[in-house]
Amino acid sequence: MSKYLRVATQIKDEQLFIQALQEVCQELGIEYESGEGLALYGWQGRRRPETAEYVIRRHHVGRSANDMGFHRLPDGSIEAIISEYDQGSRGKQVLNQVMQRYALNAVTKAARAKGLTVTSQKSQSGEIRLQLQAYR
């Protein structure tokens, strides 16, 4: 049984996180569940003691994957819960994409609040370049 790791994130705005999770899941053609205290399951379908408010079920992550989750901490920030096994597989890729999209959404929100527009370009390697400009 693979151990779950709790990964600290810089996610402070839950609404921006939900937007990022929805966008990434839509792009990948996968689903997530949301609710209070959703149980996580390991690759053999066994219930684990870890719970989360947002869960991507293992069949969306990979063949021998475990569920991955996102848990709301008392201070309102979000931590990722991902198994050691999935750290080296598609689970890590999904996590990275959610984190990257959250950062993009946060920068865009902050830029708009300051009267700037944001344009982005995604390279073939997946890197996103942003350009901020004042409204004209």
So what are the ³J(HN,Hα) numbers for segment 44-51, from phi and the Karplus equation (6.51, -1.76, 1.60; θ = phi - 60°), rounded to whole Hz, Gly and Pro as x? 8, x, 7, 5, 9, x, 6, 10
For helix 14-28, what angle does its Cα long axis make with the longest principal axis of the chain, in degrees from 0 to 90 and rounded to 10? 80 degrees
Along the Cα→Cβ direction, 7 angstrom out, place labels at Leu28 and Glu79. What is the inter-label distance in nm? 2.1 nm
Taking the beta-carbon count within 10 Å as an exposure proxy, list Tyr54, Tyr41, Tyr32 from fewest neighbours to most. Tyr41, Tyr32, Tyr54
Hey, fewest Cβ within 10 Å first, where do Ser89, Ser123 land in order? Ser123, Ser89
For Ser120 and Ser2, calculate 0.36 nm times their separation in residues minus their Cα-Cα distance, and state this gained length in nm to one decimal. 38.7 nm
The chain: angle of helix 90-113 to the longest principal axis, Cα-based, in degrees nearest 10: 30 degrees
Once you charge only the Cβ atoms, +1 for Lys and Arg and -1 for Asp and Glu, what is the size of the charge dipole of the chain about its Cα centre, to the nearest 20 debye? 340 debye
Suppose each label sits 7 Å from its Cα in the direction of the beta carbon; what would the Gln19-His59 distance come out to in nanometres? 3.2 nm
With the dipole of the chain defined by +1 on each Lys or Arg Cβ and -1 on each Asp or Glu Cβ, the option from Thr108, Ile18, Ile128 whose Cα lies farthest towards the positive pole is Ile128
Mind giving me the FRET efficiency for Lys92 and Gln133? R0 is 30 Å, r the Cβ-Cβ distance, nearest 0.05 is fine. 0.35
For Ile128, Ile56, Ile81, what's the fewest-to-most ordering of other Cβ within 10 Å of each Cβ? Ile128, Ile81, Ile56
Considering the Cα positions of the chain, please state its Rg to one decimal place and its Dmax as a whole number of Å. 16.0, 57
Which lysines have a Cα lying under 30 Å from the Cα of Lys109, excluding residues fewer than 8 positions away in the same chain? Lys12, Lys92, Lys122
Give me the percent relative contact order of the chain, please, defined on Cα pairs under 8 angstrom at least 6 residues apart. 23 percent
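Here, each number is a calculation from the coordinates, and none is a lab measurement. Because the structure is predicted, anything quoted here is derived from the model rather than measured. Note that each Cβ is placed from the backbone with ideal geometry, even for glycine, and that neighbours are counted across all protein chains shown.
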